[in-house]
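Presented below is the structure to which this report refers.
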């Protein structure tokens, strides 16, 4: 039975990968992601397990294809926490470009880093945002209903004006992983005088969860 | 019948314009805006249509009197959207001083622009905030229940200290258009190192909608 | 009867003060704060009045022990308000280091003020945040269910990198007063180009209330 499930899931994934290359990939067949909302009952327990497997795999497969492993929240270094859930909203603390082996991108965009490097810093912040969100939903990324808001802070020299392009590095990563429907967010991109640890970018987010 | 409605609405509007010139204009007669909340049943279908017409007209008339035409959301230039609705909250993306013929107020307050010019930039950002909110409520501005929060970002030189006065340009516009009861908001005004496109001001908002 | 209540409350308070000096002070005895959530029925009216007295006193005692008197919201100086309540969320306006006798800490961290002085400025901002929240819940600080989010803005020179340590001054005060369970929040700490009135720190917050 496990094999049958895996085979079905494989078919689902192939379909997903094919569909992912088409424009408007999520709009065409609403039945394809049928249990996004809890109130929609699946047809049978087997049906449900197949679909849940496929759904989870969809986002996890995208992460794997991008070579991304989401971090878990670390020990808080002060009197705050990585995220707070209130109702069905999650407020995620500002994330810096922290990698498993330490902080990256220390310096200012427009002096120490190019716009493209700033985008990579923003992308790393966004990976950390997704890691915190994964923890907030107990590990099931399909319980992220919508990224509501992203604020991107760019530590830049005063005459740097491509602040929004830097934050596209975060917006692109979030949308690539979660898809347009869930991932596209409202956003503010702003240029800072400085940031904690002197990092080039910091990103915070609000998300709606199921 | 349409004529009768229009005539009644005209009377309503005249009354509104008269009242609008008085201090404390919304506090005096609670009965004047009786169907702000959905649970209050109107007395009859005709009564309702009159009141709804009048309410819509009240805000639209103020916009017309101020010579303001609210913009519609443009095509998003990246993987984000102008606003996201979650529950009865709308999170509006940071708005820059974009006019129909292009971006305005490129430069820094305290160097390229005076405080008063910064206020004009903030006012233009706020007009764009209202445009996004109008789209979020399907065109009916009376469905904006409350402006919950405004954050105003001022691209200023480091020794500029009238950051809050610049953002008054946004707060005043919002309150002038929506009235004190709906328009007055919690607020943060902060001075930035830089902003997207080098604009002088950016404004974001959260609103509660019906 | 009032005397008996006061005596019991005194015992409660002594217990609280003893417990407050221990690590992990709120984790040990869940029964000690039994009516945080309204749905938990107390055993009797007398029991309830004792507990409510004790709970209110717990936070107020901590404030007294810290020598803190929370301010009331002042008259708004422009078209905004100190806070807006929407649903069970309160959005508090950015608070500057305003003391009863005027604004303090005017200048930049890293030039005019040390990191430690910046922390004192952040602490004063946080006291003002708690004052606004107290007003938002009608004076009963036990109706603050959770500090959801804090954003700390530090007016610093461009090469100052201890932005997060400055904002610890706000996070520590909030947690010291409200306790870990209610007080610990999601957070962003960011370095600004400038701030209103030229103050060193500004802090805004979102809280969930009962």
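Just so you know, all these numbers are worked out from the coordinates, no wet-lab data involved. Keep in mind that this is a model prediction, so the values were computed, not measured. Ideal geometry is used to build each Cβ from the backbone, glycine not excepted, and the neighbour counts take in all protein chains shown.
Across identical copies of the chain, residue C:85 has label-point separations of 2.6, 2.6 nm, listed in ascending order, with the point defined 7 angstrom from Cα along Cα→Cβ.
From least to most packed, judged by other beta carbons within 10 angstrom and beginning with the fewest, B:62, A:146 follow the order B:62, A:146.
The calculated FRET efficiency for residue C:85 paired with residue C:180, based on their beta-carbon distance and R0 = 30 Å, is about 0.75. Each of B:185, C:181 has some number of other Cβ atoms within 10 Å of its Cβ, and from fewest to most they run C:181, B:185. For the residues of C:201-209, the average number of beta carbons from a partner chain within 10 Å of their own beta carbon is 3. Going by a ≥ b ≥ c, the root eigenvalues of the Cα gyration tensor, does region A:57-131 fall in the rounded group (a/c under 1.5), the prolate group (a/b larger than b/c) or the oblate group? It is oblate, given that a/c is not under 1.5 and a/b is not larger than b/c.
In nanometers and ordered shortest first, the copy-to-copy spacing of the residue B:66 label point, defined 7 Å from Cα toward Cβ, is 3.9, 3.9. FRET efficiency for the residue A:66 to residue C:61 pair, using the beta carbon distance and R₀ = 41 Å, is estimated at 0.20.
So for each of A:167-179, C:108-120 I average, over its residues, the number of other beta carbons within 10 Å; can you give me the resulting order with the highest mean first? Each step should come with its number before you reach the end.
Values: A:167-179: 23.7, C:108-120: 20.2.
Those peptides, ordered most packed to least, come out A:167-179, C:108-120.
For the segment B:112-121, counting C-beta atoms of other chains within 10 Å of every residue's C-beta and taking the mean gives 0. For the segment A:147-159, counting C-beta atoms of other chains within 10 Å of every residue's C-beta and taking the mean gives 6.
Of all chain A residues, the closest to the A-onto-C rotation axis by Cβ, with that distance in whole Å, is A:193, 2. Shown for residue C:157: label points 7 Å from Cα along the beta-carbon vector, and their distances to the equivalent points in the other copies, 1.9, 1.9 nm in ascending order.
What the Kirkwood sum gives for region C:83-209 is a hydrodynamic radius of 14.3 Å, with every pair of different alpha carbons counted. Label sites at residue C:75 and residue A:157, each approximated as a point 7 angstrom past Cα along Cα to Cβ, lie 4.8 nm apart.
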